[in-house]
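Only the coordinates and a few stated rules stand behind these numbers; no lab work does. From a predicted model like this one, the values you see are computed outputs, not experimental measurements. Methodologically, a virtual Cβ is constructed for each residue, glycine included, from the backbone with ideal geometry; neighbour enumeration extends over all protein chains shown.
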Amino acid sequence: MSGADPATAFGVYVHWPFCLSKCPYCDFNSHVRHAPIDEERFARAFAREIETTAARSRGRTVSSIFLGGGTPSLMQPQTVGAILDAIGKHWGVGGDVEVTLEANPTSVEATRFRGYRAAGVNRVSLGVQALDDPSLKALGRLHTAREALDAVAIARSVFGRYSFDLIYARPDQTPVMWAEELQRAISEAVEHLSLYQLTIEEGTPFFGLHTAGKLKTPNEAIARALYDVTQEICTRHGLPAYEVSNHARPGAECRHNLVYWRGEEYAGIGPGAHGRLDIDGIRHAIATEKRPEAWLMRVEATGDGVVADDLLNSEERADEFLLMGLRLREGIDPQRYAALSGRSLDPRRIAILRDEGAITISTDGRLRVTQDGFPVLDAVVADLAA
Ligand SMILES: C[S@@+](CC[C@H](N)C(=O)[O-])C[C@H]1O[C@@H](n2cnc3c(N)ncnc32)[C@H](O)[C@@H]1O
Ligand code: SF4
């Protein structure tokens, strides 16, 4: 798999926490505001937090930047430009840095794509979610399928690289319907697709409906069939999964997300952002204030919005490495796990999981989860980490 050299990869995640409306399935840190947002004030706060965070992580060269949300495509291009300039001013930035912006595929947002490219964005990730209007309506989306596909076409003409997201295992979706939708999606995708199974998140309107029996998601057998269809079609079209939900042509993986899954360092900037920084040889798990205006005031007063800065011990560090790394098709190097935790993975547990067909050990010694193991990944990780 390609991507930035893991030994030198360093990512910066920037969170824009606002959306035009709240989708009923979403539990991301996203907020709707009816008054205009003072983008200049936010841009100054982002720059300030970047400066403070860079002072704690000097000497890194940024290999990827991800502007996520919320809906970052609601930002004016000059706001994005100001954030990228601040990153370039306070950290070194690699010549081939990947700069991704998450965009909602409405026509208004697509008109800003050229401005984002001029500001330094070189990759977009579009939240298409479904390719038919009734499904989009049921998901509470503000765009039609036509509008989304038009935005994809604009992304294709403006950016060298783009990806889009679909949500599957939606209510009443059959494997045949999904197979058809997925093949259409692949014909629109050049190098990368994110395919998420609908998750019913606690506290969302979908959770309430689901609990009341008014929203029925596919049962386990259908969910498994949908997953298998996804793997089969994507592999056949040259977009194999490189992570549980992410598919790419070899070499076109999202380098920023690889930073998380390979357990490399990244800075988290903005409301509710998470970071992992190695300071004096110890890994810090850092989180910022989630509420946008409270984050803003905290940054203005103290220079950053940090509300949690936990030092991970070797066991926690190793467990996180396992949890994230096993999501990847490339798997993990068990020797790195042993070096982080101070103990090897239990060979008896490995043997049992291997006999069950949930994992494999390749000739180069890497431990990988199989296609049968991915649907029960949490149990596999729990077993190995025990
Ligand atoms: C941070 S969201 C935001 C992107 C952008 N705001 C949008 O909605 O188009 C990233 C992706 O997570 C996925 N997602 C969010 N909530 C989900 C859920 N409950 N189940 C499955 N996928 C979900 C969607 O595909 C979404 O595009
Ligand atoms: S637009 Fe995206 S981030 Fe905002 S509420 Fe919908 S899914 Fe969540």
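Top mean-square fluctuation among Val108, Val14, Val62, Gaussian network model of the chain, C-alpha springs under 10 Å?
Result for the chain, Cα springs under 10 Å: Val108 fluctuates most.
Relative contact order for the range 10-259 using alpha-carbon pairs under 8 Å, separation at least 6, rounded to a whole percent?
18
Most exposed first by the Cβ proxy, i.e. fewest other Cβ within 10 Å, how do Phe18, Phe46, Phe28 rank?
In increasing order of surrounding Cβ atoms, one gets Phe28, Phe18, Phe46.
Taking 7 Å along the Cα-to-C-beta vector as the label spot, tell me the Arg114-Ser21 distance in nanometres, rounded to one decimal.
3.0
Find out how many positive minus negative residues lie around Ala358, taking Lys and Arg as positive, Asp and Glu as negative, among other residues whose Cβ is under 11 Å from that of Ala358.
-1
What is the order of Lys22, Lys137, fewest Cβ neighbours within 10 Å to most?
Lys137, Lys22
Please report the net charge: other residues with Cβ closer than 14 Å to the Cβ of Arg156, K and R +1, D and E -1.
+1
Gap in Å between the Cα centre of the range 159-231 and the Cα centre of the range 307-386?
When both Cα centres are located, 26 Å separates them.
For the range 240-305 and the range 93-125, what is the centre-to-centre distance using only Cα atoms, to the nearest Å?
One Cα centre to the other: 18 Å.
Need the list of lysines near Lys290 for cross-linking: C-alpha distance under 18 angstrom, and skip anything on the same chain fewer than eight residues off.
Of all the lysines, those that pass the test against Lys290 - Cα under 18 Å, at least 8 places apart if same chain - are Lys22.
If I measure Cβ to Cβ between cysteines in the chain, which ones have no partner under 4.7 Å?
Taking the Cβ cut-off of 4.7 Å, the unpaired cysteines of the chain are Cys19, Cys234, Cys254.
If you take every residue apart from Thr302 with its C-beta less than 12 Å away from the C-beta of Thr302, what net charge results, scoring Lys and Arg +1 and Asp and Glu -1?
After counting each charged neighbour, the total is -2.
Roughly how big is the chain's charge dipole about its Cα centre, with Cβ charges of +1 (Lys, Arg) and -1 (Asp, Glu), in debye to the nearest 20?
Roughly 520 debye for the chain.
Starting with the fewest neighbours, write out Tyr266, Tyr242, Tyr196 ranked by other beta-carbon atoms found within 10 Å of each beta-carbon.
Tyr196, Tyr242, Tyr266
Amide H to amide H under 5 Å from Val307: which residues, 5+ apart in sequence or cross-chain, H placed 1.01 Å off N in plane?
Answer set, sorted by chain and number: Ala287, Thr288, Glu289.
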